[in-house]
Amino acid sequence: MTRTLENSGPHGAFKALTALIWIALPAIAGLYASAWAQLPARIATHFNFANQPNGWMSRKGSLIFFLVFATLVAGTATWVLSRVKSPDPSAWALLTLFYVIIGILIWAEQSVIAYNAQGRAVNVIPVFGAGMLAAAVLVVIALGTRRGAKFPSNPAFADERHASAAWAALFGVLTMITIRLTAMAPNIGSRLGLGLPVVLLLGSTALAWSGFHYLFSPAGVEIRTMGFRLRSISAGEIQSYAVDHWNWTGGYGIRGVGNRRAYVWGNRGVRITTANGQVFLGHDHPDKLIRDLELITRAGEAGKKQF
């Protein structure tokens, strides 16, 4: 019965669309097969922001590259999205982003084929901008979902901060490189296309430097960054918690889709199990978070006894 419910409704559609992304592989092979005889042995495969070719490969090597890239994207999408048990707006947005990436890959293949077989010009800016815009939309949706109800203005008895100077430095360097590339872009369209990655990298730098603030009060745990409330976990939602290790393959920053979320810049923290899923709070000294969570639990038990 449970399996039937999982395979029907929104969850069933989510699983079906996740599996359908693998159709990209035969689509890519079919596009090359249809134009194979028209392609020269050596073809232009990479273009700069002035839409001029600056990289070449054999046609067989190009086909293998596109197939391997599509396999990596589809495999990553399958691995990440298969872990979603209850798809929320951020999960659907992530699924859409994977389809956008596949769409960009197929567009790139078509453009390479058209340029080499027919001499048709390539314009990389619109599609590059669409990919960056899709990533920005995903960030906005992820920040706006599963935030929980805002707590009453009770004073917090603890404010634990979790940040990373190393990640902030890395993002800062990438930001400066992107700004430099933007300044070197040959036209306004290229500069606008690179402008969004600059904004995203600046935001990532500020996020890593400012870090996550965990505000503990009798009402529960509130997670904030740069003054913005990311998530509220009420005391009544908390079912259990324990020190846990964060696997680097899960990535860093704000992670997770569906009923799982993580706020992490390192490899240690506390995993909280709630009535609605799991939340991982990264911290270099997870024992401090355990201590603060125990105070919340005791406050809740004391309130029940008084009632």
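When you scan segment 257-274, how many residues do you find that are in a loop (DSSP other than H, G, I, E, B) and either closer than 23 Å to residue 136 by Cα or open to solvent by 50 Å² or more (accessible area, probe 1.4 Å) (or both)? Give the derivation first.
Start the filter on segment 257-274 by keeping residues that are in a loop (DSSP other than H, G, I, E, B), which leaves 257-259, 265-267.
Then keep just the ones that are either closer than 23 Å to residue 136 by Cα or open to solvent by 50 Å² or more (accessible area, probe 1.4 Å) (or both); that gives 257-259, 265, 267.
Result for segment 257-274: 5.
Okay, residues lined up against (1) over 22 Å from residue 134 (Cα atoms); (2) in a helix (DSSP H, G or I); (3) within 20 Å of the chain's Cα centre (by Cα):
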{"site": "12", "(1), (2), (3)": "yes, yes, no"}
{"site": "68", "(1), (2), (3)": "yes, yes, no"}
{"site": "80", "(1), (2), (3)": "no, yes, yes"}
{"site": "83", "(1), (2), (3)": "no, no, yes"}
{"site": "94", "(1), (2), (3)": "no, yes, yes"}
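Please return the ranges of strands (runs of 3 or more DSSP E) entirely within segment 213-256 where 3 or more residues are closer than 18 Å to residue 268 by Cβ.
238-245, 253-255
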Restricting attention to segment 111-136, which residues are in a helix (DSSP H, G or I), more than 27 Å from the chain's Cα centre (by Cα) and among the β-branched types (Val, Ile, Thr)? 112, 113
Between a residue in segment 22-39 that is in contact (Cβ under 8 Å) with a residue 60 or more places away in the chain and closer than 11 Å to residue 110 by Cα and any residue that is open to solvent by 40 Å² or more (accessible area, probe 1.4 Å) and charged (D, E, K, R), which pairs come within a Cβ distance under 9 Å, given they are 6 or more apart or on different chains? 32/59
Matching residues in segment 1-19 - criterion: being in contact with a helix residue (DSSP H, G or I) (Cβ under 9 Å, 6 or more places away or on another chain), modelled with pLDDT of 90 or more and of a type in the set (A, V, I, L, M): 17, 19
Residues of segment 21-62 being surrounded by 13 or more Cβ atoms within 10 Å (Cβ to Cβ) and touching a Lys or Arg at 6+ places or on another chain (Cβ under 8 Å), which ones? 32, 36, 39, 42, 43, 56, 57, 58, 59
Suppose we filter 178, 145 for residues that are within 19 Å of the chain's Cα centre (by Cα) and of a type in the set (S, T, N, Q); which single one remains? 145
Count of residues meeting criterion [surrounded by 17 or more Cβ atoms within 10 Å (Cβ to Cβ) and either among the aromatic types (Phe, Trp, Tyr) or free of Cβ contacts under 8 Å to residues at least 24 places away in the same chain (or both)] in segment 112-126: 1
Within segment 219-230, is there a residue that is β-branched (Val, Ile, Thr), touching a strand residue (DSSP E or B) at 6+ places or on another chain (Cβ under 6 Å) and without any contact (Cβ under 8 Å) to a residue 60 or more places away in the chain? yes
From the set of residues in segment 127-137 that are open to solvent by 30 Å² or more (accessible area, probe 1.4 Å) and in contact (Cβ under 8 Å) with a residue 40 or more places away in the chain, which is farthest from residue 48 (Cα to Cα)? 137
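The values are calculated or read from the model by the stated rules, or taken from the named source; none is laboratory data. It should be emphasised that the depicted structure is a prediction, and the values quoted were computed from it without experimental measurement. Glycine gets a Cβ as well: all are built from the backbone with ideal geometry, and neighbour counts include every protein chain shown. What goes into the accessible areas is simple: the full protein's heavy atoms, side chains included, and nothing from ligands, DNA or RNA. Shrake-Rupley method; radii C 1.70, N 1.55, O 1.52, S 1.80 Å.
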